[in-house]
Amino acid sequence: MSDGLNYKFLVDTFFVALSGVPITLFVTAVALLVALPLGFLLALTRINQIPILNTFSQVYVSFVRGTPIIIQIFIVYASVPLILTAITEKYNWNIKIYDINPIWYAFIVFSFSTTAILIEVFRSALSTVSKGQLEAAQAVGLTNFQAYRRIVIPQALVVALPNICTATVNLIKATSLGYAMSLQEITLKAKVAANVGYNYVEAYLDIFLVYIILCSLVEYGFKLYEKRLRKYQYVSS
Amino acid sequence: MSNMEKYFDASYIWSSFPALLPFLKITFLVAGLSIIFGTFFGLILASMKLGKNKVARKVANFYTTILRCTPSIVLLFLVYYGVPSIADNFGIYLHDIDTAVFVVITFTLQFAAIMSEVIRSAYESIEKGQFEAAVSVGLSPFQAYRRIIFPQALVVALPNFGNGMIALLQEGSLAYTIGLIDVVGKANLIIAANYNTHALEIFIALAIIYWILSILIEKGFGKLEKMFSKGKQTIKAT
């Protein structure tokens, strides 16, 4: 077996792996679009100690941080069809549950886990903005909404951004587990290509490269954005 | 809802614990070895990052960046398929060694990257003056590290070390994909033996096991942190 790497396969499969990037990015984008506002709102319930929602967020964050994503995937993938079957049978809807595109499961799982991570990110970021900032904003006549939008959020965002970046990179990495839901992303596409001739080393090298490129670009993008946001940072003298 | 009950039976959650829990041994063994080797390797990487050698610093930083960008499952398969075929080139046959070895190699590589950052940031959080003061009162550099720097850096590193351990435990759940029979592997075997019925209950049992373990680790590190920061005195006026 030590006949070295199959370079032609290595190059060909690189493009196969690359063709999975749009799905990966699509799932990542949807998860972030759901998680950013939801995570922020739930973080506010934590900060303001709103009775039931506060406890709910606490348990929710603890669960997501305490369980592996693959097991969250297993649970969603096994439970959603059961729940849907029960509902459709009750109302006699005619939906074929096993025809549902796996991408919907991916949206659910990754939005669910990213929201929890972002609750913590926003909570710690919001707690770095001193209460005086909000009070001062209100004192000069801004409404609560305006005070958050113009004063608190810009400052909190500067602190939150590096952690949002980490969360995004982790999310992109986590989508590689989409194979468990037969999601046609980077890892699954390249793996299927490798099944033909058992060129697994080459395939995984390609997957490895694609993720490194993807994540480095995302990190670089966040760095640029962070630089732009820096001007909002409160400088204590 | 009667149909739902046919597919979901909560009693399966409880009855699967006795079958699953013994396999935590494998999970712990693999995680424990990865932590030991990873911490050691991470210490070397951290000293490369903190050292004066420019090349060593570049190499260590490059390693951390690459590892941070690689999904565990990709690294796992890369090691699983890659290590034996590299060994082939040197005439060493590694195709039938225990899968646990590949798992430990993978998570050692990953944990080392995490630890190198934990150690580096803990070290950098200690003021330089501490070391200088220790040396100026007559301690040897080694003594200064052991008695002054290390105890303080440890307190800073502990929470991050705990988070790293939780992350490792969770990423370790992927080891079943290369055939390790740990707690997740066993769960999948049980499900296969049940002809894929009652999978949900067993996955819920797995989630509960991991959840409790993570909480225990978190609580444990919280206690340790309190214990070690006992002697800590922050200087209020400088």
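What follows is calculated from the coordinates using simple rules that are stated; it is not laboratory data. These numbers come from a predicted model, not from an experiment. Virtual Cβ from ideal backbone geometry, glycine too; neighbours counted across all protein chains shown.
Assorted remarks:
- For trypsin sites (Lys or Arg not before Pro), no site in segment A:135-188 is both called loop by DSSP and has at most 16 other Cβ atoms within 10 Å.
- DSSP-assigned coil residues among chymotrypsin sites (Phe, Trp or Tyr not before Pro) in segment A:178-222, each with at most 15 further Cβ atoms within 10 Å: A:TYR198
- The average projected area of segment B:24-180, computed from the convex hull of its Cα atoms over all directions, is 10.9 nm².
- Derived scalar couplings ³J(HN,Hα) [segment B:88-94; Karplus, 6.51 cos²θ - 1.76 cosθ + 1.60; whole Hz; x for Gly, Pro]: 3, 4, 9, x, 9, 9, 10
- Highest mobility in the GNM of chain A, judged by mean-square fluctuation with C-alpha springs under 10 Å and restricted to A:SER176, A:SER113, A:SER127, is found for A:SER127.
- Segment A:179-209-segment B:107-138 distance, computed between alpha-carbon centres (Å): 39
- Alpha-carbon radius of gyration plus Dmax, which is the widest Cα pair, for segment A:7-232 in Å: 20.9, 70
- If you take the Cα centroid of segment A:48-116 and the Cα centroid of segment B:162-195, the two points sit 21 Å apart.
- Helices assigned as whole DSSP H runs in chain A whose Cα atoms extend at least 20 Å along their own long axis and whose mean Kyte-Doolittle hydropathy is 0.0 or higher are found at A:21-47, A:51-66, A:69-91, A:102-126, A:153-174, A:200-229.
- In this structure, A:PHE26 and A:THR88 have a Cβ-Cβ separation that, at R0 = 30 Å, corresponds to a calculated FRET efficiency of about 0.65.
- Helix B:183-193 and the long axis of chain B differ in direction by around 10°, with both axes built from C-alpha atoms.
- Taking other residues whose beta carbon is less than 13 angstrom from the beta carbon of A:LEU142, and scoring Lys, Arg as +1 and Asp, Glu as -1, yields +1.
- Most mobile listed residue (B:VAL155, B:VAL83, B:VAL30) in chain B, GNM with C-alpha springs under 10 Å: B:VAL83
- Between 0 and 90 degrees, the angle of helix B:99-124 with respect to the longest Cα principal axis of chain B falls at about 30 degrees.
- For segment B:31-51 versus segment A:149-174, the spacing of their alpha-carbon centroids is 29 Å.
- Degrees separating the helix B:24-50 axis from the principal Cα axis of chain B, which is the longest one: 30
- Values of log10 I(q)/I(0), in the order q = 0.18, 0.20 Å⁻¹, for segment B:133-234 under a Debye, Cα-only, solvent-free model: -0.90, -1.00
- Only the Cβ atoms of Lys and Arg (+1) and of Asp and Glu (-1) were treated as charged; on that basis the dipole of segment B:83-192 about its Cα centre amounts to roughly 360 debye.
- Filtered chymotrypsin sites (Phe, Trp or Tyr not before Pro), segment A:2-93: DSSP coil and at most 15 other beta carbons within 10 Å: A:TRP93
- Shielding score for A:77-87, defined as the mean number of other chain Cβ atoms within 10 Å: 4
- Only Cα sites of the protein assembly as shown enter the Debye sum here, all with the same form factor; the resulting log10 I(q)/I(0) across q = 0.06, 0.07, 0.13 1/Å is -0.32, -0.43, -1.44, listed in q order.
- A:CYS165, A:CYS215 arranged by Cβ crowding within 10 Å, fewest neighbours leading: A:CYS165, A:CYS215
- Residue of B:ILE217, B:ILE66, B:ILE119 that the Gaussian network model of chain B assigns the largest fluctuation, springs spanning Cα pairs under 10 Å: B:ILE66
- Residue-averaged [θ]222 nm for chain A, counting only DSSP H segments that reach four residues, each worth -39500 (n - 2.57): -25500 deg cm²/dmol
- Relative to its Kirkwood radius, the Cα radius of gyration of segment A:152-237 gives an Rg/Rh of 1.20.
- Each stretch of four or more DSSP H residues adds -39500 (n - 2.57); spread over every residue of chain B, this sum gives -25000 deg cm²/dmol at 222 nm.
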